[in-house]
Structures are given as C-alpha cells and as structure tokens.
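Report on the following structure.
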Amino acid sequence: MALYLYNTLTRAKDEFRPIDPKNVKLYCCGPTVYNFAHIGNLRTYIFEDLLRRTLARAGLGLTHVMNVTDVGHLQSDADEGEDKMALASKREQKSPWEIAKFYEEAFFADCRKLGILKPHIVCRATEHIKEMEDMIGCLEKKGVAYKAGGNQPNIYFDTSKFPSYTDFARLPAADLAQGRVEADENKRNPTDFVLWFTLHGSKYPNQIMKWASPWGEGFPGWHIECSAMATKYLGEHIDIHCGGIDHVNVHHTNEIAQSEACLGHKWVNYWLHGAFLELDDGKMSKSKGEFLTLQKVIDEGYSPMHYRYLCLTAHYRGPLKFSWESLDAARSAYDTLCHKADEWRAAAPGTAPVSPTAKTVIAKLDAAMQDDLNSPVALSVLWEALRNDALSVADKLAILDAADSALGLGGATLSRPELSPELQTVLAARDKARHEKNWKAADVYRAYLTSVGISLKDRPEGSSWYVSPIPARTPEQKKTEAIAAYDTLTENGFSLPQDGSSNLLKIIDGEEMAEPSSPVCYADKKG
Ligand SMILES: [Zn+2]
C-alpha cells in the first residue's frame with residue numbers, strides 16, 4: 001500500500017519514498033520551553049504522532065528526533081525582541097536553566113497525557129553549541145555568512161548568496177522580509193538572519209545563557225539549532241521534517257538556506273506542516289496573554305484524550321476551530337468508545353482469530369491514514385465498523401486495537417478508570433434501590449454520583465456509568481446531597497469507609513470535595 005504525504009516543498013500529495021525503509025529519518029521542531037504549551041502547540045505534536053504511527057504501521061523503521069529550544073528564540077521568529085528564556089526568567093524570578101527544566105518537563109508530561117510517543121532522540125539547544133559553531137564556521141568558509149555591527153559583531157546569514165532562498169515559501173523576497181524585523185542596519189538584506197549574537201555592543205548585554213565562541217561571547221540564533229542538531233543525529237539527508245504552518249516563511253526557509261548552503265546539496269525530501277488551532281477570536285497565541293493549556297482543559301473536567309480525539313476529527317492540514325461545545329462532542333464520542341471497549345472486553349472470551357471482514361476494515365483504516373494522515377476518514381471507518389451488527393465482538397475489538405495503534409486512542413487504558421470503593425458502594429446501593437423500585441433512594445444516589453462526575457445510563461439489564469462534567473454547585477448544595485446520600489446508604493445497611501477517604505464524609509464535615517483524581521481513559525505511559 002502506497003503512502004502519500006502532502007509535501008510543502010512540491011505543494012502536492014507525494015508518494016513517500018524513504019531513503020532507507022529500515023530507518024526513516026524524521027525531524028520535528030520542538031517546543032521553546034519558556035512557558036506551558038498551549039493546546040494549539042499540542043495539536044502540532046499530535047499530528048506528528050499520527051505521522052510516526054502511520055510510518056510504523058506501514059512497516060517502516062524510523063528515528064524520530066526533536067529539539068528543545070532552551071536558548072536563542074527571540075520574541076519574534078526573526079531576530080526581534082528579547083530571548084524568550086530571558087523574559088520568562090525575569091517574569092518568574094528564576095534562572096533560565098530552571099525555567100527550561102521546568103517547562104520541558106511540563107511539555108513532556110502534557111505529551112504523555114495525550115498519548116504522544118516520545119521521540120527517540122530529544123536534543124537541547126544549550127547542549128549543542130559546539131555543533132552550531134561548527135555549522136556557522138562552515139557557512140563562513142562557504143562565504144555565505146558575514147560579520148556586522150561594531151567591535152564585536154554578530155554573525156549573519158547572507159540570503160543573497162543562496163539564490164533559491166525564496167523557493168520554499170514561494171514568495172518574493174520583499175514579501176518574505178515584510179513584517180520580519182525592525183530595521184537592523186547591520187543586515188545587508190532584509191531577509192538576512194542572525195546565526196550568532198554577540199553580547200558586547202549588542203542589545204543583549206545582560207544575557208545569562210552565553211558561551212565563548214570564535215566570534216566572541218554570545219548565544220546562537222534560533223534557526224541554526226535545528227540545522228545543526230538534525231544533521232548531527234540524522235545525517236546529511238533527511239526524509240521528513242515537520243513543524244507548524246507558521247514555520248514555513250521564516251524558520252524552515254532559514255533552516256533550508258543554512259543546511260543546504262553548508263552541505264552543498266538538497267537536505268530534506270518531505271516537509272510537512274500542521275495547521276493552527278483557532279479560537280473564535282482567531283489564532284490561539286501566547287503573545288495575547290491568556291492561553292489555553294492542557295491543564296486548563298483537565299481542570300474543566302475533560303480528559304486529555306478528549307482533546308486528542310477532537311484533533312483527530314479534523315485533518316491536520318485544515319484549521320480546527322476550538323470551542324467547549326466541540327470538545328463536549330469529542331468527549332461524548334470518546335467516552336462511548338471507552339464504554340463499548342469495556343463491554344466488548346467483558347463479553348469476548350479470550351482472543352479469537354481476526355476474520356477477513358475485520359482485516360478489510362483495518363486495511364481501510366490504514367489506507368485512510370496512508371492518504372496524507374486522513375484521521376477523520378479513519379475515525380468514520382472505525383465507527384461504521386463498530387456499529388455493524390454483522391461483526392463479532394472479537395472482530396470489533398481487533399478493529400479497535402488497530403485504530404488505537406494508528407490513532408493513539410489511549411492503548412490499554414482505553415477503558416474507564418476504576419471507581420473508588422465508596423463509589424462502587426453507592427452504585428451497588430442504587431442498583432439495589434432500583435431493583436426494589438425504591439425510586440426516591442435511587443434518585444438520591446444518582447444526584448450524589450452526578451455531583452462527583454459520574455453519570456448513569458439505565459438499561460433493563462442494569463445501569464452503566466460514564467465520567468461526565470461535574471455540575472457547578474454551591475458548597476451548601478454539595479453538603480445537602482451528601483447528607484441525603486449518606487442517610488440513604490446507612491438506612492439501607494451500607495457502610496462507608498471511616499478512614500478519611502470518604503468523599504461523602506468530607507463534604508459533610510465541610511472539607512472541600514476531592515474531585516475524581518483521574519479523568520476517564522487517561523493515557524500516561526512512561527517513556
Ligand atoms: Zn526548527
């Protein structure tokens with residue numbers, strides 16, 4: 001089965017032909033670790049995760065490399081403003097090294113929660129200064145870098161010496177230059193960019209992250225890190241390079257110029273770019289101040305996988321509008337999937353061989369992903385199969401497993417969390433009350449379960465439960481519900497744990513209610 005990927009280089013869906021099928025070389029631009037990732041950033045890493053899974057399912061081996069930018073990324077992508085790390089360091093009164101460590105850990109924690117596989121190699125800019133110096137030295141030797149600006153000049157890349165500079169963005173140089181920089185009189189051409197910032201005589205005299213270099217003490221520009229580290233870990237020819245769509249005109253254009261000027265040949269065969277996540281008021285951006293983090297989504301009562309599922313419902317190259325309503329719809333679909341998975345696992349005795357029909361469905365699902373990572377079509381193939389009564393439970397489970405491997409639906413955790421013993425007691429009490437047609441008691445239990453984020457669906461054969469948003473209530477309302485549930489429980493002979501773990505007793509005692517700690521289907525695999 002052929003794999004097609006939309007290549008920004010050719011502006012076409014190209015058949016993917018790896019340089020070495022046993023080791024596809026994949027480089028993805030990583031985060032600048034000066035703040036939490038916003039969920040728009042995370043959408044890009046979900047798309048890259050889908051790419052990695054699709055390559056693997058197509059039988060290709062791969063090395064996935066991602067950088068972590070912990071120095072040199074200025075407020076604007078084009079050499080303007082302050083170093084983002086230095087700004088964060090001032091904002092939080094911590095050293096830039098502490099800032100970098102904290103936000104790098106936070107970033108990978110977000111990725112784990114979203115079921116994003118960790119790259120095989122993660123490389124930090126601050127640990128590859130030597131490689132960057134070597135590449136800058138190479139560019140100097142080739143005559144495409146120059147020094148400019150006072151006694152201790154910066155080193156710039158001369159874009160006029162790289163004739164195909166505008167090819168990638170397909171924009172005239174004047175358009176590329178527009179909006180890039182405040183006039184930097186040291187630049188020979190408006191599109192030139194800094195390879196190395198020196199401190200003395202520059203606008204960064206207080207930079208904390210700095211290194212001695214052949215050009216004086218300073219720090220590297222942002223773009224050079226990706227060229228230097230990608231080449232170090234993946235060699236001179238790379239199969240695929242990914243990033244957000246905003247990287248095309250500046251960052252990736254500059255990466256190509258540096259790498260190809262130094263190497264003397266084509267560097268990357270396929271460039272893939274993910275579209276933005278949009279809010280009602282436009283592109284989601286940290287520069288606007290308030291931004292949505294994954295933690296905020298979790299705090300609103302959603303699981304990270306609900307957000308991942310939402311991302312899967314749109315093609316990675318198309319814009320995705322974020323709203324809480326669309327996240328609600330994703331939650332409902334994802335939770336139904338988890339619930340079905342649970343039911344089928346309980347019903348399927350052991351493993352059964354996969355039928356030819358199920359194999360056909362799985363092939364269709366893979367075909368969708370191999371058609372430029374068409375996850376919305378893959379999801380529709382999945383749902384159509386799951387609703388097909390002609391398929392056995394074992395087949396449905398096999399299809400779900402395949403979809404999980406292709407789309408990253410939460411793996412072995414694609415099922416509901418364990419209920420606490422207390423909630424199990426309440427649930428059993430409610431079932432008993434329903435059986436005895438004690439509707440008043442059943443309603444009290446339901447109200448309490450709803451209040452801790454468990455909603456119920458009653459069926460003739462018994463009731464099922466789902467994790468759902470916790471309704472906003474006053475502490476008084478919470479307490480009234482808890483007392484009613486407690487009274488009903490004890491009147492019916494059920495006892496609650498007295499070891500301090502009981503939510504009911506905590507609420508009755510006026511302590512703040514402990515919310516369910518782990519959202520449904522929460523993927524948090526290590527590594
Ligand atoms: Zn990059």
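The values are calculated or read from the model by the stated rules, or taken from the named source; none is laboratory data. Bear in mind that the values here come from a model prediction, so they are computed numbers and not experimental data. When we count neighbours, we look across all protein chains shown, and the Cβ atoms used for this are built from the backbone with ideal geometry, even at glycine. Note: areas computed on protein heavy atoms with side chains; ligands, DNA, RNA excluded. Shrake-Rupley method; radii C 1.70, N 1.55, O 1.52, S 1.80 Å.
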Quiz item: Taking N as the number of residues in the stretch 180-274, what is its alpha-carbon radius of gyration divided by 2.2 N^0.38 Å?
Solution: 1.20
Quiz item: To the nearest 10 degrees, how steep is helix 475-491 against the longest Cα principal axis of the chain, on a 0 to 90 scale?
Solution: 40 degrees
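Provide the net charge surrounding Cys111, with neighbours chosen by a C-beta distance below 9 Å and charges set as Lys +1, Arg +1, Asp -1, Glu -1. Each step should come with its number before you reach the end.
Values: positive: Arg112, Lys113, Lys118; negative: Asp49, Asp110.
Taking every Cβ under 9 Å from that of Cys111, the sum is +1.
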Practice problem: Mind giving me the FRET efficiency for Met1 and Asp431? R0 is 51 Å, r the Cβ-Cβ distance, nearest 0.05 is fine. | Solution: 0.60
Exercise. Round to the nearest 10 and give me the degree value, 0 to 90, for the angle of helix 421-435's Cα axis relative to the longest principal axis of the chain.
Key: 40 degrees
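Determine by what factor the alpha-carbon radius of gyration of the stretch 1-112 differs from 2.2 N^0.38 Å, reporting the quotient.
Values: Rg = 17.2 Å, N = 112, 2.2 N^0.38 = 13.2 Å.
Compactness ratio reported: 1.30.
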Exercise. State, in angstrom, two size descriptors of the chain derived from its alpha carbons: Rg to one decimal place and Dmax to the nearest whole number.
Key: 27.2, 90
Quiz item: Helix 375-386 sits at what angle to the longest principal axis of the chain, using alpha carbons and giving 0 to 90 degrees rounded to 10?
Solution: 20 degrees
Quiz item: Share of Cα-Cα pairs in the stretch 1-51 beyond 14 Å, in percent?
Solution: 67 percent
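Calculate what fraction, in whole %, of the accessible area of the stretch 51-131 sits on carbon and sulfur atoms when a 1.4 Å probe is rolled over the protein chains.
Working: 1620 of 3140 Å².
Carbon-and-sulfur percentage of accessible area, whole number: 52.
Just add up the charged neighbours of Gly149: K/R +1, D/E -1, any other residue whose Cβ is under 9 Å from the Cβ of Gly149. Before the final figure, lay out the partial values.
Numbers: positive: Lys147; negative: Asp184, Glu185.
The answer is -1.
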Quiz item: In nanometres, what is the gap between the two model label sites at Trp211 and Lys440, each 7 Å from Cα along Cα-to-Cβ?
Solution: 7.6 nm
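In the chain, what % of DSSP beta bridges are antiparallel (nearest 5)? Kindly include the intermediate steps, with their values, before the conclusion.
Working: 24 of 47 bridges.
DSSP beta bridges in the chain are roughly 50 percent antiparallel.
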Quiz item: Packing-wise, with mean Cβ within 10 Å as the measure, how do 359-368, 2-11, 188-197 rank, highest first?
Solution: 188-197, 359-368, 2-11
Self-check item: Proximal aspartates and glutamates to Lys296, defined as alpha-carbon separation beneath 12 angstrom and excluding residues fewer than eight positions away on the same chain
Solution: Asp110
Quiz item: Spin-label point model (7 Å from Cα, Cβ direction): what's the Asp175 to Asn492 distance in nm?
Solution: 6.9 nm
Practice problem: With unit charges on the beta carbon (Lys/Arg positive, Asp/Glu negative), name the residue among Ser89, Gly59, Val452 whose Cα is farthest towards the positive pole of the charge dipole of the chain. | Solution: Gly59
Quiz item: By how many nm would the segment from Glu185 to Lys457 lengthen if fully extended, with 0.36 nm per residue of separation less the alpha-carbon distance?
Solution: 91.1 nm
Quiz item: Binning every alpha carbon pair distance of the stretch 289-337 at 10 Å from zero, what are the percents per bin?
Solution: 25, 56, 18, 1
Practice problem: Go through Lys187/Lys266; Lys432/Lys478; Lys321/Lys479; Lys142/Lys210; Lys396/Lys457 and tell me which ones have a Cα-Cα distance over 28 Å in this structure. | Solution: Lys321/Lys479
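How long is the gain from Ala109 to Ser95 if the chain were fully straight, where each residue apart is worth 0.36 nm and the alpha carbon distance is subtracted? Mind dumping the intermediate values first?
On the way: separation 14, 0.36 × 14 = 5.04 nm, distance 2.14 nm.
Result: 2.9 nm gained on full extension.
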Quiz item: Going by the alpha-carbon gyration tensor, a ≥ b ≥ c the square roots of its eigenvalues, is the stretch 30-95 rounded (a/c under 1.5) or, if a/c is not under 1.5, prolate (a/b greater than b/c) versus oblate?
Solution: prolate
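Of the peptides 143-152, 305-314, how do they stack up when ordered by the mean number of other Cβ atoms within 10 Å, highest first?
Values: 143-152: 15.8, 305-314: 23.9.
Per-residue mean Cβ counts within 10 Å order the peptides as 305-314, 143-152.
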